[in-house]
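Below is a structure I'd like to ask you about.
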Amino acid sequence: MSALGSAIAAEWVKVRSVRSTVITLGLFAAVALGLSWMVARAFDPGGPADDAILPVSFGLLTGQLVLVTFAVATVGSEFSTGTIRASLAAVPSRGRLFAAKMTAVGLTVGAAALIVESAVFALVRFTIGDGAAPLTEWWTIEVLLGGWIHLTLLSVFTAAVAVMVRSTVIALSVLLPILFLSSQGLGNVEAIKPVAQYLPDQVGMVIMHMTVPGDPQFGRDYSAWGGIGILVLWTAAALAAAWWSMRRRDA
Amino acid sequence: MIEIHELTKRYRQKAAVDGLSFTVEPGRVTGFLGPNGAGKSTTIRMALGLDRPTSGRALIDGRPYAELERPLTRVGALLEADAVHPSRSAFNHLLWLAKTNGLPTSRVREVLDETGLADVAGKTARTFSLGMRQRLGVAAALLGDPDVLILDEPVNGLDPEGVIWIRNLVKRLAAEGRTVLVSSHLMAEMALTAEHLVVIGRGRLLADTSTEEFIAANSGSTLEEAFMRLTGASVEFQGGGGR
Ligand SMILES: Nc1ncnc2c1ncn2[C@@H]1O[C@H](COP(=O)(O)OP(=O)(O)OP(=O)(O)O)[C@@H](O)[C@H]1O
Ligand SMILES: [Mg+2]
């Protein structure tokens, strides 16, 4: 196995060998499924057809708070427990260790998001029954694909922030208030919208059909896939900054 | 072989390690001594590439640690602060370490047996006593069967049986021709274990000599007496009754 492959295999052992992984990912599933189910039960069939996918978005956007906690804690515990010293002694190339860690977190989050999203979609379809979102419509696929990319990239973004601040608590104190913006709908408040709509948790809203471009109140200045593009930029910037911080600091 | 060349580490204004040079030769146990805050752990962290020196170099077999391929097979280290996630089992802690360097799972079982942890391998590190955590740290250091061992206060927290175990282990490793550097504050233990001593104070080299010569040169009858005489001037942190 290549040196990077070995480092990724080791990071995967780390992820799967602590109980908090099972707990947080289980909680992510429970929150996403629970909220989607409640919203789906209140579904009003009289509205536009694509409203039938909204319970999925609501569930995932609330569950993301837990998923982000998993990503941040996985990285942060490395620093808080001192494991980082053992890791760097075993993998002295900081770039390699960083790449391995981000890959392991990204793959775990991506897989968890895929499984939970599929389950949420199935549950919502079952709950709504007639008029449920069909997989043959582009807007259904867009929400599912966009939601999966949003959850995965946002988690990697937050994991990179945790590397920068080298602490679970500090990272969550900075990130969770920002992430709550979406659940509180603050991204739509007129005074802060010009800036707030570009925050990493907000840019997935269009593709997840929580808002549409051009809407006078909830509208955004970018398209569905434009929003995903902005999230890619946020993630790339956070990864670059985290890599730079990891390279130059003492362990 | 470990070579420390003019190594300096400054934290803000204070030099923790200050122009330190010494060489640790294979085939014998070298004791690394100095009062609290002398810079032992800082030197060891720099030798392992964990901290970046302000200036100077630390080389393992002629190369910086960071350039070693599969470093666990070259250098085994026990660090002062234990570096284990409390909710990970001993087995899994050693397993991820083994994976980083492409070592087989059979090595994990071997070092668990060697350190007497086989029965508690599945238990999380949170449930471990100080001595058990120390044994786990030693197991991690032995994992890659390295030629160089750097142990920062290995007997810290060990019961008398554990102390004897470390003493014999360290002596055996040196007798096998490996390079062994051990830091400790237990002078009686060091006198029994180390043939050679590197003594530092305030980040500077105070002595680099055989244990026998060190005791004789500082006109002590025991290592402790000789150590106190030599380092008296460079102790920074003094207990009650001091100035
Ligand atoms: N990260 C750090 N930031 C600031 N100062 C530090 C840091 N690490 C060590 N120091 C300082 O460097 C000096 C040397 O510390 P070090 O831990 O290397 O000593 P030591 O010889 O291992 O002591 P001990 O016997 O108590 O373990 C101390 O004065 C310590 O306060
Ligand atoms: Mg120390």
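The values are calculated or read from the model by the stated rules, or taken from the named source; none is laboratory data. Bear in mind that the values here come from a model prediction, so they are computed numbers and not experimental data. Using ideal geometry, Cβ is built from the backbone for each residue, glycine included, and neighbour counts are taken over all protein chains shown. SASA here: full protein model, heavy atoms, side chains in, ligands and nucleic acids out. Shrake-Rupley method; radii C 1.70, N 1.55, O 1.52, S 1.80 Å.
Would you work out which of A:I192, A:V206, A:V120 lies farthest towards the positive end of the dipole of the protein assembly as shown, given +1 charges on the beta-carbon of Lys and Arg and -1 on that of Asp and Glu, about the Cα centre?
So the residue furthest toward the plus end is A:I192.
Let me ask you something else. Based on the Cβ-Cβ distance from A:L114 to A:V169, what FRET efficiency comes out when R0 is 35 Å, to the nearest 0.05? Please report the intermediate quantities before stating the final value.
Details: r = 29 Å, r/R0 = 0.83.
Between A:L114 and A:V169 the formula returns 0.75.
Which value, in debye to the nearest 20, describes the size of the charge dipole of chain B about its Cα centre when Lys and Arg Cβ atoms bear +1, Asp and Glu Cβ atoms bear -1, and nothing else is charged?
Working: 28 positive and 29 negative charges, 189 e Å.
Using only the charged Cβ atoms, the result is roughly 900 debye.
Once amide H atoms are placed 1.01 Å from N in the peptide plane, what residues at a sequence separation of 5 or more from B:K9, or on another chain, have their amide H within under 5 Å of its amide H?
Long-range HN contacts for B:K9: B:A16, B:V17, B:D18, B:G19, B:T54.
Another one. If you take the Cα Rg of chain B and divide it by 2.2 N^0.38 Å, with N the number of residues, what do you get? Walk me through the numbers on the way to the answer.
On the way: Rg = 17.9 Å, N = 243, 2.2 N^0.38 = 17.7 Å.
The reported ratio for this selection is 1.01.
How big is the B-A contact in terms of buried accessible area, both chains counted, 1.4 Å probe, rounded to the nearest 100 Å²?
2200
Roughly what angle does helix A:19-41 make with the longest principal axis of chain A, taking Cα atoms, 0 to 90 degrees, to the nearest 10?
10
Using only Cα atoms, tell me the angle between helix A:3-16 and the longest principal axis of chain A; keep it within 0 to 90° and round to the nearest 10.
60
Give me the percent of accessible area attributable to carbon and sulfur for the stretch B:26-178, probe 1.4 angstrom. Let's see the in-between values first.
Working: 2800 of 5900 Å².
Whole-percent figure for carbon plus sulfur exposure: 47.
May I pose another question? With n ≥ 4 as the cut-off for DSSP H runs, can you work out [θ] at 222 nm for the protein assembly as shown, using -39500 (n - 2.57) per run divided by the number of residues, rounded to the nearest 500?
Computed mean residue ellipticity for the protein assembly as shown: -17500 deg cm²/dmol.
Ignoring solvent entirely, what values of log10 I(q)/I(0) come out of the Debye formula for the protein assembly as shown at 0.08, 0.13 Å⁻¹ when each Cα is a single scatterer?
Cα-only, vacuum Debye calculation for the protein assembly as shown: -0.59, -1.13.
To the nearest 10 degrees, how steep is helix A:94-128 against the longest Cα principal axis of chain A, on a 0 to 90 scale?
Tilt relative to chain A: about 20 degrees.
Using only the heavy atoms of the protein chains and a 1.4 Å probe, how would B:R70, B:R12 rank by accessible area, largest first? If you can, show how the numbers build up before the last one.
Numbers: B:R70 120, B:R12 220 Å².
The most accessible residue leads, giving B:R12, B:R70.
Let me ask you something else. 5 Å is the cut-off here: which amide hydrogens, built 1.01 Å from N in the peptide plane, fall below it relative to B:A207, excluding neighbours closer than 5 in sequence?
Hits under the 5 Å cutoff: B:V199.
Of the beta bridges DSSP finds with both residues in the protein assembly as shown, what % are antiparallel, to the nearest 5? Could you put the intermediate results ahead of the total?
Working: 20 of 37 bridges.
Antiparallel bridges: around 55 percent, rounded to the nearest 5.
Given the C-alpha centroids of the stretch B:168-243 and the stretch A:132-184, what is the distance between them in whole angstrom?
Computed from Cα coordinates, the inter-centre distance equals 55 Å.
What is the calculated FRET efficiency for A:D221 to A:R249, with r their C-beta to C-beta distance and R₀ = 45 Å, to the nearest 0.05?
With a Förster radius of 45 Å, E is 0.75.
Counting only protein heavy atoms, what percent of the accessible surface of the stretch A:1-76 is carbon or sulfur at a 1.4 Å probe? Walk me through the numbers on the way to the answer.
On the way: 2200 of 3130 Å².
About 70 percent, which is the carbon plus sulfur part of the accessible surface.
Which one, A:A99, A:G34, A:T21, is farthest towards the positive end of the dipole of the protein assembly as shown when Lys and Arg carry +1 and Asp and Glu -1 on their Cβ?
Selected residue: A:A99.
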